[in-house]
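Chemist: First, the structure itself, so that you have it in front of you.
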Amino acid sequence: MKEVDQVIIRTKLTPPVSQKRKLVRRHRLSPLLSTSDIPRLIIVTAPAGYGKTSLMYQWFSACRERDTRVGWLSADSQDNNAPRFLRHLIACLKNNEEKFGDGAMRYLDAARHPDIKHPAGQLINELAEDDRDAFLFIDDYHLIENREVDGFLDYLLKLAPPNLHLIISSRLVPDLSLPELRLSGELLELDARNLQFDKSETFSFLDLINSRKLSSSEVELLHERSEGWVAGLQLAAAALANNDGKEELGVAFNGTLRDIADYLAKAVLQNQNDDVRDFLLRTSLLERFNADLCTFVTGNADSQNIIEWLEQSHLFVVPLDENRTWYRYHHLFQDFLQATLKRGLPSEIVALYRRAASWFMEHGLGAEAVDYALLTGDIQQAAAMAERHAASQILAGYLPETARWLLQLPDVLKQKNPMLLSQVTLCLWHIFQQEEASQLLSHFEHHLDSFGGALEDHRLKELRNEVRLHRGGIAVCASHAPENVLDFLDQVDFSLLSGFMKAVYYNIRGIALGENNRFSEALECFRKAARIHRTTGSPLGVACSYYLEALMHLECGNLNNIQDMLHQIKKETVFNSQAANYINPSMLESIEGILHYERGDSGKARELLEANLELTKEVGHLKMVSLARTTYARILNRQGDLPGAHKELEQLAEILRRNEPGSYRAIILADYERIKLALLNNNPAQAQYIADKYDLALDGPPPELANHWDRLSCLKALAWCRAQLVRNAPEKAHDLLRRISLFAREVGRTWRYLEARLLEAVALDMLGRDFEAADILKPILQIASTDKMVNVIRDEGSRVADLIRKLQEQNELIGIDPAFLARILADTSPGPQAVPDGEDSLEAALRPSDFSEKERIILEQVALGKSNAMIAKRLDLTAHAIKWHLGNIFNKLQVRNRAAAVSAAKAIRLI
């Protein structure tokens with residue numbers, strides 16, 4: 001089987017018109033995209049056969065010859081799946097620029113319920129940075145009936161930079177928000193009257209396609225009767241090709257367009273020899289075809305020559321790529337051929353569909369294979385193909401996409417094959433739809449009970465065994481009690497699992513063991529899982545195993561091990577496949593970003609995390625979401641964006657609540673960081689507001705602490721101790737911090753151990769017990785320096801930094817790497833102090849780096865009193881472009897006019 005073409009069908013990204021085909025130049029319409037005043041949106045609306053695609057192709061070719069970004073997308077009915085449509089739209093605008101749309105594409109590949117504003121915003125920003133005009137052509141938009149897709153284009157048109165132009169062809173007026181564009185003069189609408197050939201175009205067209213020279217009177221009659229309808233002219237010319245003019249031309253143009261099309265198509269079909277006629281009928285069932293597929297379906301080894309002859313004879317085959325490998329029939333002609341096939345050869349249709357399904361399956365195009373299998377009415381075959389396709393998709397790592405595809409299959413199909421229910425359950429709990437996964441698993445079990453005679457006993461036993469494994473997976477991803485997860489796994493018969501599921505078993509077990517502080521056993525499980533996943537060729541499995549191992553090392557403070565692991569990943573051949581393009585970054589780049597931050601490189605960390613934050617919640621477990629977003633919040637706080645840090649942690653808390661209702665085990669990870677952030681910025685009131693949901697009074701008595709490491713009680717105690725230090729009551733916190741650090745050290749949670757000991761040292765220093773503080777701090781710094789753990793120390797702020805400086809002056813830190821200490825002391829402020837809302841908080845929320853060089857120059861020109869027209873001339877842009885850029889600047893600065901923008905820009909030292 002060829003590698004799965006999961007994401008992009010390349011034939012959709014090139015115009016379905018051969019470059020070798022001669023086209024009639026539309027002298028009235030072709031120049032519309034050559035002017036300097038091109039509207040934002042052009043809509044070409046007409047029935048089938050009016051030359052919409054040919055006109056669009058002429059425009060497309062002209063744009064491609066200029067210095068522009070240009071993309072083509074041929075829409076089809078499957079594009080009613082919004083993520084699929086958006087992926088193809090992004091791909092068509094790449095123009096061989098490897099990184100263009102990368103973040104948006106990875107988000108769409110992974111997102112469970114994509115927010116259209118997220119990829120639209122990324123595209124808008126990338127297009128705005130490119131001064132070239134960008135032209136996006138979308139053909140056959142009438143096949144789109146999804147309001148989500150319409151909404152995406154509305155959003156894109158509303159906010160897009162002035163250099164983006166959208167050109168749409170459709171048989172129906174698109175359901176877009178057009179009135180505003182009409183009023184602003186940003187919309188050009190062409191209809192059938194505009195597309196009709198005039199007499200000179202009819203003469204040119206018939207001269208191009210007709211081998212038999214027609215007289216002027218014949219051409220004039222055809223033009224009059226067709227009223228410039230291009231498909232009618234082509235059909236009539238083809239019908240006349242072999243009748244020596246004996247056919248009364250007037251007969252060909254009576255009745256409706258559909259009657260005319262059927263009449264003429266029949267004449268065209270009757271003029272072909274038996275081989276060609278048989279080929280046309282049997283391949284008419286294919287939505288797209290190439291020579292190999294046609295040979296397989298029809299048994300005609302001469303398929304390539306027939307296709308080339310059809311194209312040369314202008315017999316309604318439309319090339320779908322520039323290499324002329326894939327084709328489709330003109331829709332009117334295909335409709336007629338299918339109707340003729342169903343009347344004449346109804347008994348062969350099922351066999352033709354079955355052969356098509358087999359060919360697509362063997363070529364790795366499983367979604368199309370299942371569509372054709374369903375058309376045969378053979379549910380068992382369709383189910384088997386769906387299972388096979390889903391298995392390859394899961395191995396490749398496309399879990400969200402596979403889950404969507406499986407859920408859209410008819411219920412009868414899934415019920416005929418319980419393995420499909422197992423596969424979709426696996427996808428759902430991996431992407432954190434725990435409630436849906438649990439409901440489907442119950443449904444799965446119910447149907448297993450009814451399969452007593454339909455499945456062999458050993459297969460039924462294997463499936464029941466998988467149910468138990470899924471229960472463990474659902475429990476571990478929902479952060480339920482880890483001991484319960486181990487109980488679920490103890491009920492699984494390992495010997496009955498497939499290779500892939502054995503690796504899944506080890507990953508689930510490793511997570512549960514880690515939650516039980518059995519780290520060495522957990523690491524061994526993840527390594528076993530990786531070894532098995534390599535044998536299955538699964539990028540997803542190998543990436544998951546590496547990621548889980550990295551999390552364990554992070555919890556234990558082993559950053560050097562993570563560094564070694566990231567080096568090892570580069571040697572993994574399984575990540576060389578296309579399937580690893582989003583799985584690898586979303587998991588492993590987030591770990592790399594966290595590593596960079598812990599070692600003090602906030603810039604690189606921010607770059608990596610921003611590219612992957614949306615993906616982490618889609619392809620990992622909740623610990624991945626928590627670590628990526630808490631680290632990102634720490635970055636924002638350190639770089640002065642306190643409101644942004646709070647917002648990030650609030651979003652994390654909401655994500656965790658949705659995925660883990662009724663449990664604090666993961667939620668407190670987010671809320672503890674929110675409390676910590678508020679206290680570090682001297683805002684105890686905000687900290688108390690968050691603590692209230694845990695019945696934790698930060699100014700009350702100490703919370704009850706378990707007699708061992710327990711995440712909930714220990715984090716509540718840490719939050720309470722931090723509040724005492726902010727209130728200058730270190731004597732209340734000292735003993736509790738010592739107990740927490742002992743619990744963390746006993747179970748090997750080095751990260752939390754360092755945190756508790758650092759706070760304990762601060763408390764002793766505040767109590768005037770310098771020597772005891774030094775005795776604590778020196779070994780802590782030694783541990784941290786070994787793995788270069790910079791930010792776990794300096795995130796504690798000036799109190800720890802002041803203590804380090806004092807101990808340096810007292811020569812108490814001899815033996816600690818001076819370079820490591822210098823890195824800590826170079827930047828010890830965790831962020832701004834809490835400030836009131838208003839102008840004084842602007843600098844905390846924004847930085848000059850938030851603005852592009854172009855935006856800075858525009859602000860400087862505004863400060864000098866220059867008009868939009870004058871600035872546009874200076875920057876070689878249009879005045880409309882300057883207006884658009886100013887709108888973005890106003891939004892960033894949260895101002896409404898030019899004077900306020902200049903004042904705000906000066907406040908943050910941007911100008």
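No lab work stands behind these numbers, since they all come straight from the coordinates. None of these values were measured; they are calculated from a predicted model. With ideal geometry, Cβ positions are generated from the backbone for all residues, glycine too; neighbour counts draw on all protein chains shown.
Chemist: Between Ser204 and Arg388, how high is the FRET efficiency from 1/(1 + (r/R0)^6) when r is the Cβ-Cβ distance and R₀ = 60 Å? Nearest 0.05.
Modeler: 0.70
Chemist: Among 377-384, 346-353, 512-519, what's the highest-first ranking by average C-beta atoms within 10 angstrom per residue? Working shown, then result.
Modeler: Details: 377-384: 17.6, 346-353: 14.1, 512-519: 20.6.
Ranking, from highest mean packing down: 512-519, 377-384, 346-353.
Chemist: Sort Trp884, Trp59, Trp309 so the one with the fewest other Cβ atoms within 10 Å of its own Cβ comes first.
Modeler: Details: Trp884 18, Trp59 23, Trp309 15.
Sorted ascending by nearby Cβ count, the order is Trp309, Trp884, Trp59.
Chemist: I've got another one for you. Arrange the following residues from fewest to most other Cβ atoms within 10 Å of their Cβ: Arg527, Arg147, Arg794, Arg354. Provide the component values of the computation, followed by the final result.
Modeler: Details: Arg527 15, Arg147 12, Arg794 21, Arg354 18.
The fewest-first ordering by Cβ neighbours comes to Arg147, Arg527, Arg354, Arg794.
Chemist: Now for a separate question. If you take mean projected area of the Cα convex hull in nm² from the coordinates, which of [x] 57.1; [y] 49.4; [z] 42.9 do you get?
Modeler: Only one option fits the structure, namely [z].
Chemist: Just subtract the alpha-carbon distance of Glu809 and Ala301 from 0.36 nm times their residue separation and send over the number in nm, one decimal.
Modeler: Net length gain for the segment: 174.0 nm.
Chemist: Quick check for me: using +1 on Lys/Arg Cβ and -1 on Asp/Glu Cβ, what's the dipole size of the chain about its Cα centre, in debye to the nearest 20?
Modeler: Here the size comes out at about 940 debye.
Chemist: Could you sort 772-778, 818-824, 281-287 so that the peptide with the highest average Cβ count within 10 Å comes first and the rest follow in order?
Modeler: Put in order of decreasing packing, that is 281-287, 772-778, 818-824.
Chemist: Before rounding to the nearest 500, sum -39500 (n - 2.57) across all DSSP H runs of length at least 4 in the chain and divide by the residue total; then give [θ] at 222 nm in deg cm²/dmol.
Modeler: It comes out at -19500 deg cm²/dmol, rounded to the nearest 500.
Chemist: Identify, among Gln338, Ala128, Leu190, the residue whose Cα sits farthest towards the positive end of the charge dipole of the chain, taking +1 on the Cβ of Lys and Arg and -1 on the Cβ of Asp and Glu, with the dipole about the Cα centre.
Modeler: Ala128
Chemist: Might you report the magnitude of the Cβ-based charge dipole of the stretch 10-195 about its Cα centre, with Lys and Arg at +1 and Asp and Glu at -1, to the nearest 20 debye?
Modeler: 820
Chemist: Between Glu65 and Lys461, with labels modelled 7 Å along Cα→Cβ, what's the label distance in nm to one decimal, could you check?
Modeler: Spacing of the two 7 Å Cα→Cβ label points: 7.3 nm.
Chemist: Separate question: Which percent, to the nearest 5, of DSSP beta bridges fully inside the chain are antiparallel?
Modeler: 15
Chemist: With the crude spin-label approximation of a point 7 Å out along Cα→Cβ, what separation in nm comes out for Arg769 versus Glu524?
Modeler: Rounded to a tenth, the inter-label distance reads 4.0 nm.
Chemist: Looking at Ile144, Ser545, Leu221, which one has the Cα that reaches farthest to the positive end of the dipole of the chain (charges on Cβ: Lys, Arg +1; Asp, Glu -1)?
Modeler: Ser545
Chemist: Let me ask something else about it. Once the dipole of the chain is set up with Lys and Arg at +1 and Asp and Glu at -1 on Cβ about the Cα centre, which of His447, Val318, Leu374 lies farthest towards its positive end?
Modeler: The listed residue farthest towards the positive side: Val318.
Chemist: Let me ask something else about it. Below 8 Å, C-alpha to C-alpha, sequence gap of six or more: please give me the relative contact order for the stretch 10-195 in percent.
Modeler: Working: 289 pairs, mean separation 63.0, N = 186.
Reported relative contact order: 34 percent.
Chemist: Sticking with this one: Suppose a student asked you for the relative contact order of the chain, using Cα pairs under 8 Å spaced at least 6 residues apart; what percent would you report? Please list the in-between numbers first.
Modeler: On the way: 1307 pairs, mean separation 73.5, N = 911.
Taking the mean separation of contacting Cα pairs over the length of the chain, I get 8 percent.
Chemist: If packing is taken as the average count of other Cβ atoms within 10 Å, what order do 853-865, 397-409, 418-430 fall into, highest mean first?
Modeler: Averaged packing, sorted descending, gives the order 418-430, 397-409, 853-865.
Chemist: May I ask you to sort Leu206, Leu269, Leu172 by Cβ crowding, counting other Cβ atoms within 10 Å and putting the fewest first?
Modeler: So the residues, fewest neighbours to most, are Leu172, Leu269, Leu206.
Chemist: Another one. So what's the gap between the Cα centers of the stretch 705-755 and the stretch 294-321, to the nearest angstrom?
Modeler: If we compute the Cα centre of each part, the gap is 75 Å.
Chemist: Okay, next question. Assigning unit charges at the beta carbon (Lys, Arg +1; Asp, Glu -1) and nothing else, what dipole magnitude in debye, to the nearest 20, does the stretch 91-227 show about its Cα centre?
Modeler: Roughly 220 debye for the stretch 91-227.
Chemist: Check the straight Cα-Cα distances from Lys883 and name the lysines below 23 Å, setting aside those fewer than 8 residues away within the same chain.
Modeler: Cα-Cα hits under 23 Å: Lys117, Lys158, Lys854, Lys866, Lys873, Lys892, Lys906.
Chemist: Mind checking the full-extension length gain between Lys266 and Asn484? Use 0.36 nm per residue of separation minus the Cα-Cα distance, one decimal, nm.
Modeler: Roughly 71.5 nm would be gained on extension.
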